[in-house]
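For reference, the structure is listed below as structure tokens.
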Amino acid sequence: MKPYENAIEIEHLTKRYDGFTLDDVSFCVPKGSIMGFIGQNGAGKSTTINTILNIIKADSGTIRIFGMDHLEHEYEIKEHIAAIFDALPFHDQLNAKQLNIMMKGIYRNWNSETFFGYLKRLQLPEKKKFGQFSKGMKMKLQIAAALSHGAKLLIMDEATTGLDPVVRNEILDIFQEYLQDDSNSILMSSHITSDLDRIADSVTFIHKGKLLLTGYKDEILENHAIIKCTKKDYADMDPADIVSARISDFGAEVLVADRAACKRKYSQLVMDNTTLEELMRFYVNAEKKEWTT
């Protein structure tokens, strides 16, 4: 492959369905990083991922993977990517030994030694049928397969949903090891924002098919803050500074997108750091501006 800066580059991606539009979405996944892809159910995350993988066709926009057009160079690109989904894509009657034989015929760079090494590390049986695997075992199996053919990009759609914390931590540790090679990259769609708080370098947030935020996670979190104040203080704030406000009997919690400017304007008010989960909550309610818990 030729040198490239971004593992994925998406420009003006649009896909229309009856009742839903993925609307002019643009973002990049820098090479050597992990991007968290967040949003509510139905926000358009799976549509975006399926378009990247050419499972569905975009109405307009361009997608480049490793600097190459994802349609023109589809077969070359797919030698070097791995997709991990919530549901196991392998037949229930297969076992790991049979899967190894099958994968050797699909991927030129399949490495059986690596695959069986991951099976041992993840405590997965070689002869047990996949239909008898637990959800956690199925996810571990997908990851073992994904990392055994030299993939330079992992694309995950809600891959850790429903897994217990011990299994999730085990998987996150493997991802962090994978990213020690700075030519490897991950796009990770997840509802579990605490996982992304821990490991993501950058974040893209879509809501109702539209891009709300994209950029480096630390910068996004540093730029935002939650102001805790009385209802009177909240009423005195400039509405232009407010993303949305959570109102309770005890006062208001207000998300602002320009921490530095608001620190100067409202220096008497308490200003707290925020998390990806809180960002999602406040931005999802931005249309209402005020909401209660």
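Can you show me the helix-derived [θ] at 222 nm for the chain, built from DSSP H runs with n ≥ 4 at -39,500 (n - 2.57) apiece and divided by the number of residues, rounded to the nearest 500.
Numbers: 11 runs with 94 residues, N = 293.
Rounded to the nearest 500, it is -9000 deg cm²/dmol.
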Length gained when the stretch residue 197-residue 241 is fully extended (0.36 nm per residue, less Cα-Cα span): 13.4 nm
How much of residue 167 can a 1.4 Å solvent probe reach, expressed as accessible area in Å² and rounded to 10? 20
Evaluate 2.2 N^0.38 Å with N set to the residue count of the range 1-114, then give the Cα radius of gyration divided by it. 1.21
Accessible-area order for 229, 28, largest to smallest, probe 1.4 angstrom, reads 28, 229
In whole percent, the fraction of accessible protein surface over the range 40-93 that belongs to carbon or sulfur atoms, probe radius 1.4 Å, stands at 50
Under a 1.4 Å probe, what is the accessible area of the chain per residue, stated in Å²? 49
Quote the Stokes-Einstein diffusion coefficient, in whole µm² s⁻¹, for the chain, based on the Kirkwood radius over alpha carbon pairs, a temperature of 10 °C and a viscosity of 1.306 mPa s. 77
Given H placed on each backbone N at 1.01 Å, which residues far from residue 7 in sequence or on other chains put an amide H within less than 5 Å of it? 29, 31
Label residue 18 and residue 219 with points 7 Å out from Cα along Cα→Cβ: what is the distance between them in nm? 4.2
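What full-extension length gain, to one decimal in nm, is calculated for residue 182 and residue 248 as 0.36 nm per residue of separation minus the Cα-Cα distance? It would help to have the intermediate numbers written out before the result.
Details: separation 66, 0.36 × 66 = 23.76 nm, distance 4.60 nm.
The residue 182-residue 248 span can extend by a further 19.2 nm.
Can you give the % of DSSP beta bridges in the chain that are antiparallel, to the nearest 5? Mind dumping the intermediate values first?
Details: 35 of 56 bridges.
Looking only at bridges with both residues in the chain, the antiparallel portion is about 60 percent.
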Part-to-part distance (alpha-carbon centres) for the range 84-163 and the range 1-35, which is given in Å: 26
Using a 7 Å offset from the Cα along the Cα-to-Cβ direction at both residue 108 and residue 232, what is the distance between the two label points in nm, to one decimal? 7.3
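Which net charge results when you count Lys and Arg as +1 and Asp and Glu as -1 among the other residues whose beta-carbon is under 15 Å from that of residue 137?
Working: positive: 120, 121, 127, 128, 129, 135, 138, 140, 168; negative: 86, 92, 126, 164, 170.
Counting the neighbours of residue 137, the net charge comes to +4.
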Net charge within 15 Å of residue 88 by Cβ-Cβ distance, Lys/Arg positive one each and Asp/Glu negative one each, not counting residue 88 itself? +1
Residues whose placed amide H lies under 5 Å from that of residue 83, excluding near-sequence neighbours: 155
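What FRET efficiency comes out for residue 62 versus residue 128 if R0 is 41 angstrom and r is the Cβ-Cβ distance? Round to the nearest 0.05. Please list the in-between numbers first.
Numbers: r = 44 Å, r/R0 = 1.06.
Given R0 = 41 Å and the Cβ-Cβ separation, E is 0.40.
By how many nm would the segment from residue 169 to residue 120 grow when fully extended, if each residue of separation counts as 0.36 nm and the alpha-carbon distance is taken off? Provide the component values of the computation, followed by the final result.
Working: separation 49, 0.36 × 49 = 17.64 nm, distance 1.73 nm.
Roughly 15.9 nm would be gained on extension.
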In the range 140-204, what percent of the accessible surface is made up of carbon and sulfur (1.4 Å probe, ligands and nucleic acids excluded)? 49
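The values are calculated or read from the model by the stated rules, or taken from the named source; none is laboratory data. If you're wondering where the values come from, they're calculated on a predicted model, not measured in any experiment. Don't worry about glycine lacking a Cβ; one is built from the backbone with ideal geometry, like all the others, and counts go over all protein chains shown. Heavy atoms of the whole protein, side chains included, go into the accessibility calculation; ligands, DNA and RNA do not. Shrake-Rupley method; radii C 1.70, N 1.55, O 1.52, S 1.80 Å.
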